[in-house]
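Report on one structure; see the data block that follows.
FYI, it's all coordinate maths here, none of it is from the lab. Computed from a predicted model, the values in this text were never measured in an experiment. Here the Cβ positions follow ideal geometry from the backbone for every residue, glycine too, while neighbour counts run over all protein chains shown.
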Amino acid sequence: MAKTKTAARRKAVPRSPIDNFDGVYLFKMVLYLLMGSMWLKLNHGTALNIPIPIGLIIGLIFASHEHFRIDRKIEYAILLVAMLFGYFAPYGLYISF
C-alpha cells in the first residue's frame, strides 16, 4: 500500500516592517553618499585654503552610533569614497574671510 502525503497548509504570515529593509538600506547608503561628500572650505585670500571634511566627521559619528549595525565596513567605505569625490567636486560650503 502506498501512502499519500498530505500537503500541509501554511498560514499567511503578516508582513513585518523588516520586509521593507532593502529600501531603507538603499536610502541609508544614499544619505551616507551625500553626507560624506560635504566639505567646509575656508579661504583667506589666495594663499590659505583649509578644507575640512565635515560630512565625513558627521557620517562617522552616525555610522558608529547607529541602532541597526548591518555592515559598518560598507558604510565607512561609502563615506570615504564620497569624501574623495566631494573634495574634487565644486560644491560644498565655502567661507572666505
Nearest-0.05 FRET efficiency for residue 24 and residue 58 at R0 = 25 Å, using Cβ-Cβ distance, is 0.80
Amide N of segment 20-36 lying under 16 Å from the label point, which is placed 7 angstrom from the Cα of residue 72 along Cα→Cβ
none
